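Novice: Quick one: the structure is below, and I'll ask about it shortly.
The values are calculated or read from the model by the stated rules, or taken from the named source; none is laboratory data. The shown structure was predicted, so the numbers you read here are calculated from the model rather than taken from an experiment. Cβ placement follows ideal geometry from the backbone for every residue including glycine, while neighbour counts extend to all protein chains displayed. All accessible areas refer to the heavy atoms of the entire protein, side chains included, with ligands and DNA or RNA removed. Shrake-Rupley method; radii C 1.70, N 1.55, O 1.52, S 1.80 Å.
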Amino acid sequence: MSPFVRNALASLVLVPIFAFIGWLLSGVSLSEEEFQKRISKKETKTVSLGWDRRSGNLLIVQLEFKPEYFTREDRFRAWLEEPLALAKEKGWLQNSTIVAFPPEIGNYFFLMDSRKDLLDSENIDSAWNWALFFQRISIKNFSRVLDGDAVSFEIAQDSKERYERIFGDLAKMYGVSILAGSICLPSPEVKEGKLSIKPGEWQERAYIFDSSGKFVEGSLLRTSNQKSEAAQAASSEKEILPEVWVANLSSGRLGILFTEDLKSPLMEEIVKKTYVSKLIGLGSQEDEGKFREWIKNSSFESSGQVQFSGKVWNQEFPAKSFAKTRYGSPEPIEGQKGNLIINIFF
């Protein structure tokens, strides 16, 4: 074989390898200039129901979802703080205020400090797989490049710390209780105001921070994520019952549920047995309007639903957040896209 042919064959192997290495090394995070180009800020709409009797209020915060906000901690924090600052200007923040952020908000922390390539993924699973890949081949994890579970746990630990730090600081700064959406973590447990995780089954749970920045005891499990195909195939009778979390707060007892659980015929009876007069639903992406219709015909003293607005990858958030008093109708009457704050006085 001539030297020319040998070199040509070698180049067929080496060029793709060096091209791949170059691509890995060329990855950069989203710059501030690019961030500003991708983010189009819109006016935040506001709705207020009832009157202030100094007995507390619920603040539903619908945010327009953009994965760019998750690329850096200061961007994410500013995104959350903007509606809080507006609510403070309007006099809606009190010691007994409960601020509800959309569900799933903690599930995107893996985007923090990541390459901007992840933002152009096809879906969240693809973005997660790329994030895990880049973490596994990073210098700090190179010794564990073959141990995906260990690297996944490290990402979860980082997400947990950010979730706890950011929402805890905001709750303490504004002196309110915060229902901080939900976050998926391995074997999470709240004990003495702190959240801990350990290797094990991943669960998506919603938590509340009190005005001192610590976790309120208890949490709400998203049961739809726990229904494995294997368990369902084994026995259709072994249904995982939907949950309602009754949180004891300074403004009274608050019932919290994931709205997709209303598909279960047992859910309404489970809610009745809690004897709560205030209820907040964490809205599903597959919103069918069933929760809103159920609340419309109910006699809860105060109730509402919180969701994201906007599109991300291959999914669209319904933007159907609302609130309702005992005698009124759900407001807004129709879903309103974009950033929205709904205040309801107890």
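Novice: Quick test for you: out of Glu81, Glu64, Glu68, pick the one residue that is over 14 Å from Leu170 (Cβ atoms), open to solvent by 10 Å² or more (accessible area, probe 1.4 Å) and either touching a Ser or Thr at 6+ places or on another chain (Cβ under 8 Å) or modelled with pLDDT of 95 or more (or both).
Specialist: Working: Glu81 fails: over 14 Å from Leu170 (Cβ atoms); Glu68 fails: either touching a Ser or Thr at 6+ places or on another chain (Cβ under 8 Å) or modelled with pLDDT of 95 or more (or both).
Result of the check over Glu81, Glu64, Glu68: Glu64.
Novice: Hey, another quick one. Can you tell me which condition Glu269 does not meet? The list is (1) closer than 15 Å to Asn57 by Cα; (2) free of Cβ contacts under 8 Å to residues at least 60 places away in the same chain, and all the others hold.
Specialist: (1)
Novice: Right, here's the next one. Just give me the residues in the stretch 165-178 being over 16 Å from Trp79 (Cα atoms) and buried (at least 19 other Cβ atoms within 10 Å of the Cβ), in sequence order. It would help to see each step written out before you state the result.
Specialist: Step one: of the stretch 165-178, the residues over 16 Å from Trp79 (Cα atoms) are 172, 175-177.
Of everything in the stretch 165-178, those that are over 16 Å from Trp79 (Cα atoms) and buried (at least 19 other Cβ atoms within 10 Å of the Cβ) turn out to be Val176, Ser177.
Novice: Among the numbered conditions (1) of a type outside the set (D, E, K, R); (2) under 18 Å from Asn129 (Cα atoms); (3) within 16 Å of the chain's Cα centre (by Cα); (4) part of a helix (DSSP H, G or I), tell me where Ile166 comes up short.
Specialist: Among (1) of a type outside the set (D, E, K, R); (2) under 18 Å from Asn129 (Cα atoms); (3) within 16 Å of the chain's Cα centre (by Cα); (4) part of a helix (DSSP H, G or I), the lone unmet condition for Ile166 is (2).
Novice: Against the definition (under 30 Å from Asn248 (Cα atoms), of a type in the set (A, V, I, L, M, F, W, C) and open to solvent by 20 Å² or more (accessible area, probe 1.4 Å)), how does Leu93 come out, yes or no?
Specialist: Working: under 30 Å from Asn248 (Cα atoms): yes; of a type in the set (A, V, I, L, M, F, W, C): yes; open to solvent by 20 Å² or more (accessible area, probe 1.4 Å): yes.
It is true that Leu93 is under 30 Å from Asn248 (Cα atoms), of a type in the set (A, V, I, L, M, F, W, C) and open to solvent by 20 Å² or more (accessible area, probe 1.4 Å).
Novice: Moving to a separate point now. Would you check if there is a residue in the stretch 251-265 being basic (Lys, Arg), open to solvent by 10 Å² or more (accessible area, probe 1.4 Å) and touching a helix residue (DSSP H, G or I) at 6+ places or on another chain (Cβ under 8 Å)?
Specialist: Quick first cut of the stretch 251-265, residues basic (Lys, Arg) only: 253, 263.
Narrowing the set further to residues that are open to solvent by 10 Å² or more (accessible area, probe 1.4 Å) leaves 253, 263.
Next cut, touching a helix residue (DSSP H, G or I) at 6+ places or on another chain (Cβ under 8 Å) only: 263.
Yes, that holds for at least one residue.
Novice: Restricting attention to the stretch 305-321, does a residue exist that is open to solvent by 50 Å² or more (accessible area, probe 1.4 Å) and closer than 25 Å to Glu217 by Cβ? Even if it seems obvious, please write down each step before you answer.
Specialist: Taking the stretch 305-321 as the starting set, the residues that turn out to be open to solvent by 50 Å² or more (accessible area, probe 1.4 Å) are 311, 313-314, 316, 320.
From what is left, the residues that are closer than 25 Å to Glu217 by Cβ are none.
Scanning the stretch 305-321 turns up no residue that is open to solvent by 50 Å² or more (accessible area, probe 1.4 Å) and closer than 25 Å to Glu217 by Cβ.
Novice: Note down all Cβ pairs under 6 Å where the first residue falls in the stretch 72-98 and is farther than 18 Å from Trp51 by Cα, the second is open to solvent by less than 50 Å² (accessible area, probe 1.4 Å) and aromatic (Phe, Trp, Tyr), and they're at least six residues apart or on different chains.
Specialist: That search, which allows pairs on different chains as well, returns Arg75/Tyr69; Phe76/Tyr69; Phe76/Phe70; Trp79/Tyr69; Leu84/Tyr174.
Novice: Something else about it: Given Glu269, Glu243, which one is open to solvent by 40 Å² or more (accessible area, probe 1.4 Å), modelled with pLDDT of 90 or more and within 16 Å of Ala206 (Cβ to Cβ)? Steps first, answer last, please.
Specialist: Numbers: Glu269 fails: within 16 Å of Ala206 (Cβ to Cβ).
So the residue among Glu269, Glu243 that is open to solvent by 40 Å² or more (accessible area, probe 1.4 Å), modelled with pLDDT of 90 or more and within 16 Å of Ala206 (Cβ to Cβ) is Glu243.
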